[in-house]
Amino acid sequence: MPYVKERLSSRAAGLERKKNASGFTLIELLVVIAILGLLASVVLVSTNSARIKARDAKRAADFSQLSKALELYYSNHNQYPTLTVSIDNCWVDNSCDSKMDINWTGMINALRSDKVLAEEKFESFPDDGFMFTEKVKAAGAAIQDPRYPAQRYGYMVSATPLNQNYRMRAMLEELKNPILNSGVKGSFMFYDENETTDPSVSCSPAIGYYCVGPSSSSFTTFYPGKPVIYLYPTYAQNVTVKVFPKTITDSVPAYGDGWKVFAHPNGRLTNLSDGQTYPYLFWDGISGKPTVNTNKGFVVKEADIKSFLADSLKKQGLIENEANEFIEYWAPLMSGKPYVYVYFMPQPDYDKLVPMEIEPKPETLIRVYMLFKKLETYVEVQPQEFNPPKRRGFTAVEWGGDRSQLR
C-alpha cells in the first residue's frame, strides 16, 4: 500500500510539472505579438523618417553644388544656361511639370557639355551622380530618385533678359524640414510673385518647395537704362562708335553695325545713313552681371536724390546739360522709399562690362554707370571717391545705369 501511495504521489507531481511546463497561454501570445508589432511600427516609422530627412538633405546639398556649376558656367559664358522650352499656357494644357522637367534636363546637359558638371560615382552613394572636382571644375549631384518623380525638380532663367538670373526648385518630402527655411523664397517663374496667387509657381516653404538662386524675392535682371553718348570733337568730322553689350534691343539712330555720324564741336550729330540730326546717341540693351562693391557707395535720403546726383555727376566730369538729362531720367526711378543706396561703377569695371570703340579715338573719355537699391532704413557704407579726367581735346561722354535694383 505504501508503494501505491508513493506511485500516485509521484504521478501527481509529474502531472503538476507537466501542467507548469505547458508554455504561454493564447492571451499571453497575443500580448507579445501586439507589443512586437508596436515596436516594429515605431522602428519602421523612425527609419522611414530618417530616410526622408537624408534624401531631403541630399537634395539640398546637390543644389548647393549645382549652384557652383551654374556660376562656373556663367563665368565662362557671361550667362546662365538658356533653355528654349516655352512655358506659355502651361496651366491650360497641364504640361507645366513636363516642361519643368525638360528645363531641368536641359540645364544639366548644358552644364555637362561645358565640363562644369562631371559624371562620377560617389563612393558613399550607390547611384550614378556627379562630383565636384577641381580637375574638371565639376559640381553637384543631380540624382533622379525613381521614388521621387523628376517633374518635381525645376530650373528657370529670367526672361528679360533671358539669362541673367536663375531658380532651381525641388519639392522636399518633409514639410517641417528646417532646410526649407534656408532657401530662396518668393517667385519661381520669371514674373513678380504679386502677379499670381497660384502657390504652385512659388518657392513657398509652406507647400514644401525648396528654391536656390541669387538671393532675391523674385527674379532680378541686369538691364542698362538709356545709356546716351555725347561726342565733342575739336572740329567737325566723321566719327564711328560701337558698343558691345550682350544685346542691343533699341537704339537712336539705328545702330546697325555701329553708328557713323558727322560730329560737331557743340555736340550736334548728323547720322550719315539718314541725314537726321541728334543731340546724342542712345541705346538700350542687355548686359552681363555688373561688378559692385556693396561696402562702398552712398545712402541718400529720398528728398536729397536730385541734389546728390547733381553734385556726384559734376565730380565725375559731367557738365550741366548732361547731368540734368541724367537726373531727369533717373531720379523718378530711384524714388519710392525713405533711402536709396547708390553705386557708381568705376570706369575700368564698366569698360569691361560694356566695351566701347570710338574712331577716331577721343583724347578724353568719361563713362558714368550707376546702380541703385531702394531702402527702408539707413545703412552705413564707405563713400566712393571720384577722380574725373579733365576734358581735353576730342571728348566723348556716356552716362547710363541699371534699371533693375541691386539684389
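Going from the residue with the fewest nearby Cβ atoms within 10 Å to the one with the most, THR270, THR25 rank THR25, THR270.
Note down the net charge around GLY258, summing +1 for each Lys or Arg and -1 for each Asp or Glu among other residues with Cβ under 13 Å from its Cβ.
-1
Electrostatic bookkeeping for TYR339 treats Lys and Arg as +1 and Asp and Glu as -1; over the other residues with beta carbon under 13 Å from its beta carbon, the sum is 0.
Compared with the direct C-alpha span, the chain from ARG391 to THR25 gains 121.1 nm at full extension, assuming 0.36 nm per residue. Subtracting the Cα-Cα distance of HIS264 and THR291 from their residue separation scaled by 0.36 nm leaves 6.3 nm. Shown for TYR255, TYR155: other C-beta atoms within 10 Å of each C-beta, ranked fewest to most, produce the order TYR255, TYR155. Based on alpha carbons, the Rg and Dmax found for the range 224-402 are 16.5, 51 Å.
Pairs exceeding a 30 Å alpha-carbon distance, out of LYS260/LYS352; LYS53/LYS374; LYS296/LYS352: LYS53/LYS374.
Set the Cα radius of gyration of the range 313-407 against 2.2 N^0.38 Å, with N its number of residues, and you get 1.17. Cβ crowding within 10 Å ranks LYS226, LYS337 as LYS337, LYS226, fewest other Cβ atoms first. If I take R0 = 30 Å and measure r between the Cβ atoms of ILE52 and SER204 in this structure, what FRET efficiency does the formula 1/(1 + (r/R0)^6) give, to the nearest 0.05? According to the calculation, E is roughly 0.95.
How high is the FRET efficiency between TYR378 and LYS315 when r is their beta carbon distance and R₀ equals 25 Å, given to the nearest 0.05? Present the calculation step by step, with values, prior to reporting the outcome.
Values: r = 22 Å, r/R0 = 0.88.
FRET efficiency, TYR378 to LYS315: 0.70.
In this structure, the pairs whose alpha-carbon distance is over 20 Å, taken from LYS226/LYS306; LYS246/LYS390; LYS289/LYS373, are LYS246/LYS390.
Read-outs: derived from the displayed coordinates by stated rules, not from any lab. This structure is a prediction, so every number in the text was calculated from the model and none was measured. Note: ideal-geometry Cβ built from the backbone for every residue, glycine included; neighbour counts use all protein chains shown.
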